[in-house]
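The values are calculated or read from the model by the stated rules, or taken from the named source; none is laboratory data. Being a predicted model, the structure only gives us computed values, none of them experimental. Positions of Cβ are backbone-derived with ideal geometry, glycine not excepted, and every protein chain shown enters the neighbour counts.
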Amino acid sequence: ETNPVHLDREAALAAGFRDVVAPPMFCVVYSAPAMGPAVLDPEVGINLAAMVHGSQEFVWGEPVCAGDVITTQPRLADVFEKDGRGFYVFQSESTNADGKLTVRGTWTNIVRGV
C-alpha cells in the first residue's frame, strides 16, 4: 500500500483520520483468528482433512486506525451440499470500541466427499 494515510501519521491527520489508517486487507489480521474456533467447533463437524478454503469476501465499514481495539464475532451462516461437496459459509463482523462495524466477512470452506 502506498497511500500516505497508511504510512504517515501527519498525512492521515491531514486527511481527517484519527491516526494512521490500516490498509483494507489488514482486516485479515484481526478477523481470521476469530474464525479458527468457529471452523474447529465439534458441533459444526468439518472434516479438516478434506477441507479447502473456497473463498472469502469483505465489505468494509469504518476505517481502522492505529490504536483501535477491534472485536470480531464469527457465526456459521449456511451449510449446503453441491456436487458431493459440503459448503460451510461463515460470516464475521468486526467492530471497534465504539461498536461501529469495521468489516463484515464471508468465509466459505469446501469439504469434499460429503
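Quick notes on this one:
- Residue count for the range 25-40, restricted to those that are more than 11 Å from the chain's Cα centre (by Cα) and in contact (Cβ under 8 Å) with a residue 12 or more places away in the chain: 3
- Checked against (1) at pLDDT 95 or above; (2) more than 11 Å from Trp107 (Cα to Cα), Ala34 meets all criteria but (1).
- On the stretch given as the range 10-24, residues that are touching a residue at least 12 places away in the same chain (Cβ under 8 Å), out of contact with any Lys or Arg (no Cβ under 9 Å at 6 or more places or on another chain) and assigned to a helix (DSSP H, G or I) total 1.
- For the range 1-31, taking the residues that are crowded, with 16+ Cβ neighbours inside 10 Å and of a type in the set (A, V, I, L, M), the one that is nearest to Thr108 (Cα to Cα) is identified as Ala22.
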